[in-house]
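Scroll down for the structure; my scribbles are underneath it.
The values are calculated or read from the model by the stated rules, or taken from the named source; none is laboratory data. All figures in this text were calculated on a predicted structure; none of them were measured in a lab. Here Cβ is always computed from backbone atoms with ideal geometry, including for glycine, and neighbour counts include all displayed protein chains. Note: accessible area is taken over every heavy atom of the protein model, side chains too, but ligands, DNA and RNA are not part of it. Shrake-Rupley method; radii C 1.70, N 1.55, O 1.52, S 1.80 Å.
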Amino acid sequence: MAEAGGAQPERPAFVLHDHRVPRPHFDLRLEIEGVLRSWAVPRGLPTDVRHDRLAVAVPDHDLDHLTYTDADKSVADTGWWELESLRDTRFRFVLHGRDGARRYALIHTDAATGGTSWLLHLVKDQPSG
């Protein structure tokens, strides 16, 4: 929905970093409450609904990491994201990146023990267009 004057409401940003150190992996960062909540995803975002990916929660990052790059880190994708559902151990969201929209779920697999392990799942029902 547009705001007064036709402007779009501010949308929370995301960035996917291709990080080469200490081992090649990806960092998924979602803007939440003024910081980037972050997960290290060793094998990258899933491309098939049958193959979930480990996602390890790592410390939050400042918003300046949305555009941060260096010799070991590049931006693989960026855009905005929208929350679709939120439960205690699972949230479902859509990433609106450079090549379109993809729907994922992050499932906290060891929430009962306060752990950092999550599964990143590509949802079968994908956005159209």
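Summary table
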{"item": "Residue-wise HN-Hα coupling along region 52-57, computed from phi with Karplus coefficients 6.51, -1.76, 1.60 (Hz; x: Gly, Pro)", "result": "5, 10, 4, 9, 9, 5"}
{"item": "For Val35, net neighbour charge (Lys/Arg +1, Asp/Glu -1) across residues whose Cβ lies under 13 Å away", "result": "-3"}
{"item": "√(5λ) per eigenvalue of the Cα gyration tensor, the chain, largest first, Å", "result": "22, 19, 15"}
{"item": "Nearest-10 value in Å² for the accessible area of Ser117, using the 1.4 Å probe", "result": "40"}
{"item": "Simple spin-label estimate for Tyr68 and Asp125 in nanometres, 7 Å along Cα-Cβ", "result": "3.6"}
{"item": "Estimated FRET transfer efficiency (Arg20, Asp48; beta-carbon r; R0 25 Å; 0.05)", "result": "0.55"}
{"item": "Gyration tensor verdict on region 73-129 (Cα atoms; rounded if a/c is under 1.5, prolate if a/b is larger than b/c, oblate otherwise)", "result": "oblate"}
{"item": "The chain - accessible surface per residue (Å², probe 1.4 Å)", "result": "60"}
{"item": "Mean separation of Cα contacts under 8 Å, 6 or more apart, over the residue count of the chain: relative contact order %", "result": "22"}
{"item": "Residue order for Leu119, Leu30, Leu45 - accessible surface, 1.4 angstrom probe, largest first", "result": "Leu119, Leu45, Leu30"}
{"item": "With all protein chains modelled, accessible area of Arg98 [1.4 Å, Å²]", "result": "140"}
{"item": "Other-chain or far-sequence residues with amide H under 5 Å of Glu84's (modelled H)", "result": "Arg92, Phe93, Val94"}
